[in-house]
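The values are calculated or read from the model by the stated rules, or taken from the named source; none is laboratory data. This is a predicted model, so every value here is computed, not measured. All Cβ positions, even for glycine, are placed from backbone atoms using ideal geometry, and neighbour counts span all protein chains on display. To get the accessible areas, we keep the full protein, side chains included, count just its heavy atoms, and leave off ligands, DNA and RNA. Shrake-Rupley method; radii C 1.70, N 1.55, O 1.52, S 1.80 Å.
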Amino acid sequence: MGGYDAIVVGARCAGSVLAMRLAGEGWRVLLVDRATFPSDTVSTHFLFPNTLERLTALGVMDRLQANHDIPRVLWSWRVLGHEVAGAFTPVGGEERLTCIRRVTLDAALVSEALAAGVVGRFGERVTGVVGGGVAGDPVRGVVLGDGEVVRAPWVFGADGRGSTVARALGLAGAGEQRGTLAFLFAYWTGFPPSDWFRMDVREDSSLICCPCEDGVHVLVLAGRPTLVRGDRMATYLAGIRRFPATLNPRLVDRAQLISRVVVAPEPMLRGFFRPACGPGWALVGDAGHFKHPVTAQGISDAVEQAWFVADALGGADPGLDTYQGWRDARAAEHYEWSFRSAHLPHPEQGHPVFAGLAADPEAGQQWRDLFTRLRRPSEVFTADRLARWAADWQDRPRVPEGAPHG
């Protein structure tokens, strides 16, 4: 089979968005994925206003909202008792985020891509590429698991951090960073409706509680790498009950666990940059760059990279000469920030910063806007602010040792 202008390997956030954008420009696009849809994957779930704007423009949000109850929620991040909470600065009319399970989101993305004229081949593996992806030997297609060769002048790897396309081209990761967190999460029904995403971070663990589509909640427990050893179900069920300020344990007792406990060990969460593109090929989403999921930027990055590539190919940069520079510059500060955030807090650093953010409405708003890319970390964590917050924390009133509390 031939006649394609592009083959996109991987049909989730990056791949489906790229495929439908290219199809909208008249490209003949083949979208290949080893999964069939609906299909789940280990991932963050959160769509911030900038990403909601993109998915609305593609018709994906209309499709989701026609078939599901999609919540819009406010943002609360509580660290060592200091809460930074509220809405985001609006992007495209959206000031809240939403949380959608990947089994639901990815099925809607694939359906919208097929409706846009993309050809889908699902349940089929790509095992290699045709061509070396270098000058004089561009990538010219893919090899499927049964040996079939499908040719196209462009192949896009949107196939995740373990990308087959990247491996076939010998593309190693660089700039590795590591956090010190592991995650356990599962889905629940029976919790009361809520307008809030809530994250509660303590010295020894953290909890996320957020409504998803159709009355489901996701509860995420994070801790040190040892969290995922031993009896994970017992660890998870005990751990989520240790945050009464965020989640009343009696509500847990009345709710229903509707999934297995999903495990994300620390080695799975290590960051990297791979080369972004070359003759006849490009990587988008986690295939090319992976930052720590604690800042929940993976879906946003996947969509924005796909958008940039489609715009470039249809505009003034048909060779994608500017893609690598754009991607790396856009990612640099947020990559560092994600891994600075990928540790349980030390009180001597955590208290001043989050007390300062909680007490300063302008800084708190700018901090929330990090998640929508309206701000860079260097604009929020300025030297003047950090010095002022440290001094304010040092000068706070203290309760004398031995004095009664309350």
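Below are the figures for this structure:
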| read-out | value |
| --- | --- |
| Subset of segment 190-202 [of a type outside the set (Lys, Arg), in a strand (DSSP E or B) and open to solvent by 40 Å² or more (accessible area, probe 1.4 Å)] | Trp196 |
| Yes/no for Val150 being aliphatic (A, V, I, L, M), open to solvent by 20 Å² or more (accessible area, probe 1.4 Å) and assigned to a strand (DSSP E or B) | no |
| Residue within segment 179-186 that is in a loop (DSSP other than H, G, I, E, B), more than 23 Å from Pro267 (Cα to Cα) and open to solvent by 30 Å² or more (accessible area, probe 1.4 Å) present | no |
| Of the criteria (1) open to solvent by less than 60 Å² (accessible area, probe 1.4 Å); (2) touching a residue at least 60 places away in the same chain (Cβ under 8 Å); (3) of a type outside the set (Lys, Arg), which one Leu219 fails | (2) |
| Selection within segment 2-22 - open to solvent by 10 Å² or more (accessible area, probe 1.4 Å), assigned to a loop (DSSP other than H, G, I, E, B) and in contact with a helix residue (DSSP H, G or I) (Cβ under 8 Å, 6 or more places away or on another chain) | Asp5, Arg12 |
| Selected residue (criterion: surrounded by the most Cβ atoms within 10 Å (Cβ to Cβ)) from residues of segment 23-52 that are part of a strand (DSSP E or B) and within 20 Å of the chain's Cα centre (by Cα) | Leu47 |
| Positions within segment 153-178 being farther than 14 Å from Pro279 by Cβ, part of a loop (DSSP other than H, G, I, E, B), in contact with a Phe, Trp or Tyr (Cβ under 7 Å, 6 or more places away or on another chain) and open to solvent by less than 60 Å² (accessible area, probe 1.4 Å), in sequence order | Gly173 |
| Complete set of residues in segment 318-366 that are open to solvent by 20 Å² or more (accessible area, probe 1.4 Å), assigned to a loop (DSSP other than H, G, I, E, B) and farther than 25 Å from Asp204 by Cβ | Pro318, Gly319, Asp321, Thr322, Asp360 |
| So Arg250, is it touching a residue at least 60 places away in the same chain (Cβ under 8 Å), surrounded by fewer than 15 Cβ atoms within 10 Å (Cβ to Cβ) and charged (D, E, K, R) | no |
| Subset tally (residues that are open to solvent by 30 Å² or more (accessible area, probe 1.4 Å) and either farther than 13 Å from Gly162 by Cα or outside any strand (DSSP E or B) (or both)) for segment 264-288 | 9 |
| Residue in segment 92-110 that is open to solvent by 30 Å² or more (accessible area, probe 1.4 Å) and assigned to a strand (DSSP E or B) present | yes |
| Cross-chain or 6+ apart pairs with Cβ under 7 Å, segment 136-156 first and more than 16 Å from Leu22 (Cβ to Cβ), then open to solvent by 40 Å² or more (accessible area, probe 1.4 Å) and of a type in the set (Ser, Thr, Tyr) | Val143/Thr127; Leu144/Thr127; Gly145/Thr127 |
